[in-house]
1. Of all residues in the stretch 40-60, count the ones that are surrounded by 14 or more Cβ atoms within 10 Å (Cβ to Cβ) and in a loop (DSSP other than H, G, I, E, B).
2. Tell me the strands (runs of 3 or more DSSP E) entirely within the stretch 61-107 that contain at least 2 residues that are more than 16 Å from ligand 1 (Cβ to nearest atom).
3. Does the stretch 72-89 contain any residue that is closer than 30 Å to residue 155 by Cα and within 12 Å of the chain's Cα centre (by Cα)?
4. Among (1) part of a loop (DSSP other than H, G, I, E, B); (2) at pLDDT below 90; (3) surrounded by fewer than 17 Cβ atoms within 10 Å (Cβ to Cβ), there is one condition residue 6 misses while meeting the rest; what is its number?
5. Yes or no: residue 149 over 30 Å from residue 83 (Cβ atoms), modelled with pLDDT of 95 or more and outside any loop (DSSP other than H, G, I, E, B)?
6. Yes or no: residue 115 surrounded by 15 or more Cβ atoms within 10 Å (Cβ to Cβ), more than 18 Å from residue 142 (Cα to Cα) and either without any contact (Cβ under 8 Å) to a residue 24 or more places away in the chain or within 13 Å of the chain's Cα centre (by Cα) (or both)?
7. Please state which one of 56, 46, 31 is away from ligand 2 (no atom under 16 Å from the Cβ) and in contact with a helix residue (DSSP H, G or I) (Cβ under 9 Å, 6 or more places away or on another chain).
8. Tell me which of these residue 91 doesn't satisfy, since it passes every other one: (1) surrounded by fewer than 14 Cβ atoms within 10 Å (Cβ to Cβ); (2) more than 21 Å from residue 116 (Cβ to Cβ); (3) in contact with a helix residue (DSSP H, G or I) (Cβ under 7 Å, 6 or more places away or on another chain).
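The values are calculated or read from the model by the stated rules, or taken from the named source; none is laboratory data. Values in this document were obtained by computation on a predicted structure and should not be read as measured data. Counting neighbours? That spans all protein chains shown, and the Cβs are built from the backbone with ideal geometry, glycine included.
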Ligand SMILES: [Ca+2]
Ligand SMILES: [Ca+2]
Ligand SMILES: [Ca+2]
Ligand SMILES: [Ca+2]
């Protein structure tokens, strides 16, 4: 979004007039995923989104990380459609339902995918670097939680065989 000669009347000094006509908002706040005009018109009809944001079907912008995260963020839900084809960011893994989830939530003993698929097949899952597998083979626990006196593994295996 830039102030040019063609929109000089509604655009001046780096601020652009909201549709309501009674307030101006910095052009850098247009299409940044948050409503800054009281009527929200700075987020309507976005041609392009600010860097780090993606455009919903209804031409609003949402933060890239909110795409296919299992919660509706576009008001038309378009961020949660076609997620099977969507390529998750590198730090994420894909749940069976297409949802993208941070790798560190994989096999951590808590269901985070809406379909729980992050906690199935954990026996075959290799823990990321800096994590260790509990004795039951089902959970990954941070290295630092090993032998720290508090059981994190459901089977307590992070605290067994510790030399004290
Ligand atoms: Ca905005
Ligand atoms: Ca979302
Ligand atoms: Ca999990
Ligand atoms: Ca522990």
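1. As a first pass, look at the stretch 40-60 and keep what is surrounded by 14 or more Cβ atoms within 10 Å (Cβ to Cβ): 40-44, 46, 49-50, 53-56, 58-60.
Restricting the remaining residues to those that are in a loop (DSSP other than H, G, I, E, B) gives 40, 44, 46, 49-50, 56, 58-60.
Within the stretch 40-60, residues that are surrounded by 14 or more Cβ atoms within 10 Å (Cβ to Cβ) and in a loop (DSSP other than H, G, I, E, B) number 9.
2. Values: elements: 61-63, 92-94, 100-102.
So the answer is 92-94, 100-102.
3. Pass one, the stretch 72-89, residues closer than 30 Å to residue 155 by Cα: none.
No, the stretch 72-89 contains no residue that is closer than 30 Å to residue 155 by Cα and within 12 Å of the chain's Cα centre (by Cα).
4. (1)
5. Details: over 30 Å from residue 83 (Cβ atoms): yes; modelled with pLDDT of 95 or more: yes; outside any loop (DSSP other than H, G, I, E, B): no.
No, not satisfied.
6. Details: surrounded by 15 or more Cβ atoms within 10 Å (Cβ to Cβ): no; more than 18 Å from residue 142 (Cα to Cα): yes; either without any contact (Cβ under 8 Å) to a residue 24 or more places away in the chain or within 13 Å of the chain's Cα centre (by Cα) (or both): yes.
So residue 115 fails the test.
7. On the way: 56 fails: away from ligand 2 (no atom under 16 Å from the Cβ); 46 fails: in contact with a helix residue (DSSP H, G or I) (Cβ under 9 Å, 6 or more places away or on another chain).
Step by step, each of 56, 46, 31 is checked, and only 31 is away from ligand 2 (no atom under 16 Å from the Cβ) and in contact with a helix residue (DSSP H, G or I) (Cβ under 9 Å, 6 or more places away or on another chain).
8. Just one mismatch for residue 91, condition (2).
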